[in-house]
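Participant: Can you read through this structure? Questions will come right after.
Where a number appears in this text, it was derived from the coordinates with a stated rule and is not lab data. Source: prediction; values computed, not measured. Because the Cβ atoms are built from the backbone with ideal geometry, glycine has one as well, and the counts that use them run over all protein chains shown.
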Amino acid sequence: MAEKKYDYILYHMHDGIGVITLNRPEKHNALQYPMIMEIIDVFESSFKKKSIRALVIKGKGPSFSAGDDLKSMGKDGFRFKPLKNGSLLPHHRLIRLIREIQKPVFAFLHGYCLGAGFALALACDFRLAADNLEMGDHRVTRAIAMMSGTSWFLPRLIGFGKATDLIMTGRHLDAHEALEIGLVNKIYPAADFEVQAMEYVKNLASLPTKTLGYNKTMLNFSLVNDLVPSMDYEFNLHVKNMGTQDYSEGIASFREKRKPNFKGK
């Protein structure tokens with residue numbers, strides 16, 4: 001079955017990996033409401049698709065995303081009717097979907113990753129960078145405050161002090177500093193960035209992705225709960241995981257001293 005066509009993104013699935021490509025290269029993939037709604041559509045349709053084992057968000061052209069397209073969002077700033085689920089902005093709905101989906105989500109970062117594009121990258125489980133990356137949130141230099149999760153994600157990823165420095169100064173990071181402080185997971189040469197980054201994704205997608213999804217949910221829970229409820233929650237999902245096909249395969253492959261063949265089920 002052919003993949004659904006969109007106006008502002010490209011989407012295809014290959015070998016169990018759903019790839020979302022921001023498709024406004026002439027604008028460095030500046031985000032606008034219709035584009036965000038299309039990404040939301042992909043995520044909402046991916047929740048129950050067992051054939052999808054991982055999702056990638058990347059940008060076409062010279063950059064991942066230069067941030068929000070302020071011109072397309074109105075001269076008076078952000079005016080948007082709240083979504084039916086109560087989200088104040090499409091950005092909020094998308095960030096929640098990235099965190100709630102029980103599949104690993106990867107951001108392929110190259111060129112500019114700024115502002116709202118920076119916030120989008122922070123929400124992903126993995127951030128893989130080209131060595132030409134320039135990332136940060138300089139909106140403060142235009143008297144624009146954060147609005148879609150950066151204040152929550154950034155201190156948890158790099159610590160409160162470093163997060164305060166980046167957010168208050170609005171300065172940009174190159175790929176090497178981002179790797180040094182733990183903001184990205186890997187750096188690859190820009191010339192073959194997507195090929196090498198996709199190999200990283202394929203390796204992870206070959207793991208028991210249902211189990212990865214449970215572990216992701218456990219990590220989310222632990223961020224806002226104490227030790228005892230976190231252990232209880234872990235155990236509940238641990239028991240659910242024991243009912244998966246991959247759990248049986250993992251145990252069988254161990255006993256038979258062979259490499260496991262996981263299906264993400």
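Participant: Multiply the residue separation of Glu26 and Ala143 by 0.36 nm, subtract the distance between their alpha-carbon atoms, and state the gained length in nm to one decimal.
Facilitator: Computed gain between Glu26 and Ala143 is 39.6 nm.
Participant: While we're on this one: Once you've got the GNM for the chain with C-alpha springs shorter than 10 Å, pick whichever of Phe108, Phe254, Phe126 has the biggest mean-square fluctuation.
Facilitator: So, out of Phe108, Phe254, Phe126, the one fluctuating most is Phe254.
Participant: Less than 14 Å Cβ to Cβ from Ala175, Lys/Arg counted +1 and Asp/Glu -1: what total charge do the surrounding residues give?
Facilitator: The answer is -3.
Participant: A further question on this structure: How much length, in nm to one decimal, is gained on full extension between Asn236 and Asn203, taken as 0.36 nm per residue of separation minus their Cα-Cα distance?
Facilitator: Once the chain is fully extended between Asn236 and Asn203, it gains 9.1 nm.
Participant: Here is a follow-up. How large is the charge dipole for segment 111-162, taken about the Cα centre, if only the Cβ atoms of Lys, Arg (+1) and Asp, Glu (-1) carry charge, to the nearest 20 debye?
Facilitator: Dipole magnitude for segment 111-162 comes out near 200 debye.
Participant: Using only C-alpha positions, report the orientation-averaged shadow area of the convex hull of segment 129-265, nm², one decimal.
Facilitator: Projected over every direction and averaged, the Cα hull of segment 129-265 covers 11.2 nm².
Participant: Right, next: In nm², what is the average projected area of the convex hull enclosing the Cα atoms of segment 209-255?
Facilitator: 3.4
Participant: Find the eigenvalues of the gyration tensor of the Cα atoms of the chain, then list the square roots of 5 times those eigenvalues as equivalent ellipsoid semi-axes, largest first, in whole angstrom.
Facilitator: Gyration-tensor ellipsoid for the chain: 31, 21, 20 Å.
Participant: Which length gain, in nm to one decimal place, applies between Leu223 and Leu157 when the Cα-Cα distance is subtracted from 0.36 nm times their residue separation?
Facilitator: Between Leu223 and Leu157, full extension yields an extra 22.6 nm.
Participant: Which entries in the list Lys5/Lys186; Lys103/Lys240; Lys50/Lys202; Lys71/Lys216 go over 27 Å, if you measure between the two C-alpha atoms of each?
Facilitator: Beyond 27 Å between Cα atoms: Lys5/Lys186; Lys71/Lys216.
Participant: Related question: What whole number of Å gives the distance from the Cα centroid of segment 189-218 to the Cα centroid of segment 13-76?
Facilitator: About 18 Å separates the Cα centre of segment 13-76 from the one of segment 189-218.
Participant: Let me have the relative contact order for the chain, percent, based on Cα pairs under 8 Å that are six or more residues apart.
Facilitator: Worked out over the chain, it gives 15 percent.
Participant: Given only helices, namely DSSP H runs of n ≥ 4 each adding -39500 (n - 2.57), what is the per-residue ellipticity at 222 nm of the chain, to the nearest 500 deg cm²/dmol?
Facilitator: About -13000 deg cm²/dmol.
Participant: Around Phe64, what is the net charge, scoring Lys/Arg as +1 and Asp/Glu as -1 over all other residues with Cβ under 13 Å from its Cβ?
Facilitator: +3
Participant: Which value, in debye to the nearest 20, gives the size of the charge dipole of the chain about its Cα centre, when Lys and Arg are +1 and Asp and Glu are -1 at the Cβ?
Facilitator: It comes to approximately 820 debye.
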